[in-house]
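The values are calculated or read from the model by the stated rules, or taken from the named source; none is laboratory data. Fair warning: this is a prediction, and the values are worked out from it, not measured in the lab. Note that each Cβ is placed from the backbone with ideal geometry, even for glycine, and that neighbours are counted across all protein chains shown.
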């Protein structure tokens with residue numbers, strides 16, 4: 001398995017966490033039975049952490065297609081190298097750090113984690129030139 005493939009796989013695990021986290025906050029007020037149904041009568045909590053988890057998921061959805069696409073593309077084109085591996089790790093680690101920082105409301109470190117992930121994507125993309 002290449003480093004880039006491993007990063008794509010680990011990004012999938014991170015995606016699962018992003019998708020499951022908002023649902024975890026819905027369980028106490030609604031129960032598992034309500035969540036298993038059509039969710040027509042779900043009560044959405046007025047919780048800052050729930051709202052942050054939802055916004056973090058939206059933010060993740062904005063970058064993950066680019067990350068997966070770039071990491072696969074550098075492998076298909078034969079452009080994968082130490083820079084793409086480093087950029088991929090920077091993306092993944094930045095996104096891993098972003099989630100708890102956002103959930104806890106840490107402003108500047110969260111932004112730094114996001115910027116680090118974008119720099120990582122740029123490092124991967126530059127290898128395609």
Report task. Name the one entry in 39, 95 that is surrounded by 19 or more Cβ atoms within 10 Å (Cβ to Cβ) and out of contact with any strand residue (DSSP E or B) (no Cβ under 8 Å at 6 or more places or on another chain). Result -> 95
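If I filter the stretch 75-95 for residues that are in a helix (DSSP H, G or I), farther than 28 Å from residue 129 by Cβ, free of Cβ contacts under 8 Å to residues at least 40 places away in the same chain and out of contact with any helix residue (DSSP H, G or I) (no Cβ under 7 Å at 6 or more places or on another chain), do I get at least one hit? Please lay out each step first, then the result.
Taking the stretch 75-95 first, the residues in a helix (DSSP H, G or I) are 75-76, 82-95.
Narrowing the set further to residues that are farther than 28 Å from residue 129 by Cβ leaves none.
No; the residues of the stretch 75-95 include none that is in a helix (DSSP H, G or I), farther than 28 Å from residue 129 by Cβ, free of Cβ contacts under 8 Å to residues at least 40 places away in the same chain and out of contact with any helix residue (DSSP H, G or I) (no Cβ under 7 Å at 6 or more places or on another chain).
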Query raised in the report: Quick one: which of 16, 26, 20, 57 is within 21 Å of the chain's Cα centre (by Cα) and farther than 27 Å from residue 91 by Cα?
Result: 26
Query raised in the report: Would you say residue 15 is at pLDDT 95 or above, touching a helix residue (DSSP H, G or I) at 6+ places or on another chain (Cβ under 8 Å), part of a helix (DSSP H, G or I) and crowded, with 18+ Cβ neighbours inside 10 Å?
Result: no
Requested in this report: Go through the stretch 28-49 and give me each residue that's assigned to a helix (DSSP H, G or I), at pLDDT below 85 and within 20 Å of residue 103 (Cα to Cα).
Outcome: 29
Query raised in the report: Can residue 52 be described as more than 30 Å from residue 127 (Cβ to Cβ), part of a helix (DSSP H, G or I) and touching a residue at least 12 places away in the same chain (Cβ under 8 Å)?
Result: yes
Report summary line: Of those in the stretch 1-12 that are loosely packed, with under 15 Cβ neighbours inside 10 Å and either in contact (Cβ under 8 Å) with a residue 24 or more places away in the chain or closer than 22 Å to residue 103 by Cα (or both), the residue nearest to the chain's Cα centre (by Cα) is 12
Query raised in the report: Being more than 21 Å from residue 3 (Cβ to Cβ), part of a loop (DSSP other than H, G, I, E, B) and in contact (Cβ under 8 Å) with a residue 40 or more places away in the chain, is that true of even one residue in the stretch 105-123?
Result: yes
Requested in this report: For residue 109, state whether it is buried (at least 17 other Cβ atoms within 10 Å of the Cβ) and in contact with a helix residue (DSSP H, G or I) (Cβ under 7 Å, 6 or more places away or on another chain).
Outcome: no
